[in-house]
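Notes follow the structure.
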Amino acid sequence: MRTERRIVRIAVRYIAFVCLLQTVLLNAYAVEGDDARTAVGVPEEVLVLGEQPGPGLWKVSKGAHTLWILGTYVPTPQGMVWRSKQVEAVIAASNEVLGPYSASLRVKDDKPYQSQRAKLKDVLPRRVHARWLSLRDKYIGEDPETEKLLPTAAALLLRARAYERIGLSYADDVWRRIYQVAGSHTVPIRRLEYEMGPVAPDKSSSRRSRENAVKYLVETMDRLEVDMTQARARANAWATGDMPVLQTLVEADASYAQSLAYSWPFLGPEDVVRLQREAENKLLSALERALNRNETTLVVLPIHLVWRDNGVVSSLRAAGYFVEEPS
């Protein structure tokens, strides 16, 4: 896991500033060989294959100006090829595409972070560490480098590797296709990148975040096999555009993501709430500016950021914009 001394980069998949770059973890701890892909003891659900359309788009209108919203989800089924004729038509008619969405957290003093870089065996209770080693060996492999991870990063890596073992992929095929289509129509892409903070860590927030990080790893291990089953169902639902199924899983994801937010170094509960609100306000302002300046805009955001309670869709509707749900 790579960190800079002054900036901790945090990818936004659902709540800004709370998710580690899982792709970095996957590249840093690559599992090689066919045996690494062997299915594990999770109830089998056939994953969809071939060309799939993904979900429909939300349509947000203000007079003659339209903002189309595509909600994305990762991981997706291995062997799926995303192809949405609706999205391609919207891109062709758009003045610009907005995304991907990411945020950075600036920290005034990173010494508290460096002091937390103890090995997992020194941070976790003995039984928790033994359980971590068992699951690590099962899903990740016997890699001593994983002992250098923070508990939150260990949880994310474990979850990602387990998902890969049951046929799910973190390859960013959706954005790859969006870039291709936008390029063919010379439609510009405006990245949604924000920097939050700076935050000044104090001892109490660092202590609470360490405790919450351990709690997050335990929670991840407790619900791993249930999450694996749900992840396959969710990946299939996203691929085929089954909105009712996706909607039933939004609140479960919200609860898990909130636990992740509270587990990150430096951040006390008040910081999480404040920075989340700051990130959401920046995003909503960007969307409203796009609505005002463009006749047609496509924005691509994590689907749970779009659809959760008080998410993007409900906020735009509350601001007076006309919103049409995907069919």
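The values are calculated or read from the model by the stated rules, or taken from the named source; none is laboratory data. As the structure is a computational prediction, the values presented were derived from the model and not from experiment. Every residue, glycine as well, gets a Cβ built from its backbone with ideal geometry; the counts of neighbours run over all protein chains shown.
Figures for the structure shown
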{"item": "Qualifying positions in region 136-157 - farther than 21 Å from LEU260 by Cβ and touching a residue at least 60 places away in the same chain (Cβ under 8 Å)", "result": "LYS138, GLY141, ASP143, GLU145"}
{"item": "Count of residues meeting criterion [hydrophobic (A, V, I, L, M, F, W, C) and closer than 26 Å to TYR216 by Cβ] in region 149-191", "result": "13"}
{"item": "Meets criteria (β-branched (Val, Ile, Thr), within 19 Å of ILE303 (Cα to Cα), touching a helix residue (DSSP H, G or I) at 6+ places or on another chain (Cβ under 8 Å) and at pLDDT below 95) for ILE15", "result": "yes"}
{"item": "Residue match in region 182-193 (condition: touching a residue at least 60 places away in the same chain (Cβ under 8 Å) and assigned to a helix (DSSP H, G or I))", "result": "yes"}
{"item": "Elements of type strands (runs of 3 or more DSSP E) contained in region 64-161, each with 2 or more residues being closer than 21 Å to GLU325 by Cα and either polar (S, T, N, Q) or out of contact with any strand residue (DSSP E or B) (no Cβ under 9 Å at 6 or more places or on another chain) (or both)", "result": "65-72"}
{"item": "Pairs with Cβ under 9 Å, 6+ apart, first in region 235-259 and more than 30 Å from ARG210 (Cα to Cα), second of a type outside the set (S, T, N, Q) and modelled with pLDDT under 70", "result": "ASN236/GLU45"}
{"item": "Qualifying helices (runs of 4 or more DSSP H) (wholly inside region 209-327; at least 2 residues being more than 27 Å from ALA182 (Cα to Cα) and at pLDDT 90 or above)", "result": "224-240, 312-318"}
